[in-house]
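Peer 1: To start, I am sharing the structure in question, which I have written as structure tokens.
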Amino acid sequence: TFASLFVGFLQWDLCWLIWHRKSTTNNDPSAMIHHVIFIAVTHYVLFGYFFKRPFAWLSLAELSTPFLNVRWFLAASDRKDGMSYLLASLGFAVTFLATRVVGFTLGLYDLWQSYNLWKDSGTGLYGVVLGLHLAYILNLFWSTKVVSALQRAIRKKKKIAFSLLKSD
């Protein structure tokens, strides 16, 4: 089902990251850590049918990925100055912050609210919970970069708009 497709994507993307790790545009070990954590979590969840609800909100976090991919494609094809890049950046920032910061925070709260359902589980499930918290920390780390990039993009567009208004 979806979890199987999701882990397949993560495995393919991890291979792509490893293959291109020496590239100047793709040297991000945190992305590899992210993939390894979620591959392990997904395999464990698939093996035992655990954590259906947490897996749903975790999957929702990938809503930001298409915007990131469009943004990367525009940057790689030297089209960072257009409106498409700004819209892709805005879409990425909004979906990233909404799902990977706010949604993930609410998801972890929900996870701990249901602690009595999983407290007697084996060590593996506690490893999944640890992995989710590590991924959350990684998302918080990335969120600072996302906000910073968004602020730069907005300032740049404001300068362009101001210079256009000034020249009229």
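Peer 1: Among 9-19, 114-124, how do they line up by average Cβ neighbours within 10 Å per residue, starting with the highest? Before the final figure, lay out each step's value.
Peer 2: Working: 9-19: 14.1, 114-124: 10.6.
In descending order of packing, they fall as 9-19, 114-124.
Peer 1: With a 1.4 Å probe and every protein chain kept in, tell me what percent of the accessible surface of segment 1-117 is carbon plus sulfur.
Peer 2: Details: 5050 of 7200 Å².
Carbon plus sulfur share of accessible area: 70 percent.
Peer 1: Let me ask something else. So if we plug the beta-carbon distance of S4 and L90 into 1/(1 + (r/R0)^6) with R0 = 22 Å, what FRET efficiency do we get, rounded to 0.05? If you can, show how the numbers build up before the last one.
Peer 2: On the way: r = 32 Å, r/R0 = 1.46.
After rounding to 0.05, the efficiency reads 0.10.
Peer 1: When only C-alpha pairs under 8 Å and at least 6 residues apart count, what is the relative contact order of the chain, in percent?
Peer 2: 23 percent
Peer 1: For R152, project a label point 7 Å along Cα to C-beta. Then give me every residue of segment 55-92 with its amide nitrogen under 18 Å of that point.
Peer 2: 68-92
Peer 1: Summing -39500 (n - 2.57) over the DSSP H runs of n ≥ 4 in the chain and dividing by its residue number, what mean residue ellipticity at 222 nm do you reach, to the nearest 500 deg cm²/dmol? Could the numbers behind the result be given before it?
Peer 2: Values: 8 runs with 132 residues, N = 168.
Theoretical 222 nm ellipticity from helices: -26000 deg cm²/dmol.
Peer 1: A further question on this structure: Could you give each residue of segment 69-76 its phi-based ³J(HN,Hα) in whole Hz, using Karplus coefficients 6.51, -1.76, 1.60 with θ = phi - 60°, and x for Gly or Pro?
Peer 2: Whole-Hz 3J(HN,Hα) from phi for segment 69-76: 5, 5, 4, 4, 4, 5, 5, 5.
Peer 1: Of the labelled options (1) 15.2, 45; (2) 18.6, 70; (3) 24.2, 72, which one gives Rg and Dmax of the Cα atoms in Å as computed for this structure?
Peer 2: Identified label for the calculated read-out: (2).
Peer 1: Using θ = phi - 60° and the Karplus curve 6.51 cos²θ - 1.76 cosθ + 1.60, what whole-Hz ³J(HN,Hα) does each residue of segment 136-143 get, with Gly and Pro shown as x?
Peer 2: For segment 136-143, the Karplus curve yields 4, 4, 4, 5, 5, 4, 5, 4 Hz.
Peer 1: Expressed as an acute angle from 0 to 90° and rounded to the nearest 10, what is the orientation of the C-alpha long axis of helix 29-48 relative to the principal long axis of the chain?
Peer 2: Its long axis makes an angle of about 30 degrees.
Peer 1: Per residue, what accessible area does segment 59-168 have, given a 1.4 Å probe and all protein chains present, in Å²?
Peer 2: Numbers: 6910 Å² over 110 residues.
On a per-residue basis, segment 59-168 sits at 63 Å².
Peer 1: Then there is this: If I fit a long axis through the Cα atoms of helix 104-113 and take the longest principal axis of the Cα atoms of the chain, what angle between them do I get, 0 to 90°, rounded to 10?
Peer 2: 20 degrees
The values are calculated or read from the model by the stated rules, or taken from the named source; none is laboratory data. Computed from a predicted structure; not experimentally measured. Note that each Cβ is placed from the backbone with ideal geometry, even for glycine, and that neighbours are counted across all protein chains shown. In case anyone asks, the SASA skips ligands and DNA or RNA and just uses the protein heavy atoms, side chains included. Shrake-Rupley method; radii C 1.70, N 1.55, O 1.52, S 1.80 Å.
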